[in-house]
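To start, the structure itself, in structure tokens.
The values are calculated or read from the model by the stated rules, or taken from the named source; none is laboratory data. Everything quoted here is computed from the prediction, not taken from an experiment. No Cβ is skipped: glycine too gets one built from the backbone with ideal geometry, and neighbour counts run over all protein chains shown.
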Amino acid sequence: MVTREEVFRVIESLECEGIPFNVKAAEILRQTWDERVRFECALIREKYELLIERLWEHGIGIASLDEIKAYTIAIAKGDIKPDEGEPKLWFSSIEAMVEALQKCYSGPPSEDS
């Protein structure tokens with residue numbers, strides 16, 4: 001993906017080469033870029049939230065290590081009782097979950113590795 005800075009460098013290089021670049025067009029380009037980035041971030045956030053919701057439905061939770069630790073200690077102390085629908089399996093990130101699943105499904109480690 002092209003960064004915003006790279007786009008502006010191209011604009012500046014065009015101006016340096018004597019190719020006139022309308023200031024208004026540059027501002028429109030900057031606004032369009034910002035809107036695109038905001039839209040893509042919102043879309044990623046929406047997909048992430050949907051993924052977390054689907055994982056929760058399957059008994060998998062994603063939380064920070066501190067949150068998982070505090071939650072586990074509270075359960076052990078009897079301060080809270082988990083609801084029936086709450087996840088039984090917790091990971092600190094989606095990446096950690098993927099890594100654990102890859103290890104589970106790749107079979108036992110070979111002697112070569």
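Only one entry in Ile73, Ile19 is at pLDDT below 85 and loosely packed, with under 13 Cβ neighbours inside 10 Å, namely Ile19. Kindly evaluate Ser13 against the criterion of being polar (S, T, N, Q) and either exposed (fewer than 10 other Cβ atoms within 10 Å of the Cβ) or modelled with pLDDT of 70 or more (or both). Spelling it out, it is not the case that Ser13 is polar (S, T, N, Q) and either exposed (fewer than 10 other Cβ atoms within 10 Å of the Cβ) or modelled with pLDDT of 70 or more (or both).
Residues that are without any contact (Cβ under 8 Å) to a residue 24 or more places away in the chain and under 13 Å from Ile52 (Cα atoms) within the range 69-98 comprise just one, Glu95. Residues that are outside the structural domain of Arg4 (by TED's automatic domain parsing), of a type in the set (Ser, Thr, Tyr) and assigned to a helix (DSSP H, G or I) within the range 34-86 comprise Tyr71, Thr72, listed in sequence order.
Of the residues that make up the range 34-45, is at least one touching a helix residue (DSSP H, G or I) at 6+ places or on another chain (Cβ under 7 Å), at pLDDT below 85 and of a type outside the set (Gly, Ala, Ser)? Checking the range 34-45: not a single residue is touching a helix residue (DSSP H, G or I) at 6+ places or on another chain (Cβ under 7 Å), at pLDDT below 85 and of a type outside the set (Gly, Ala, Ser).
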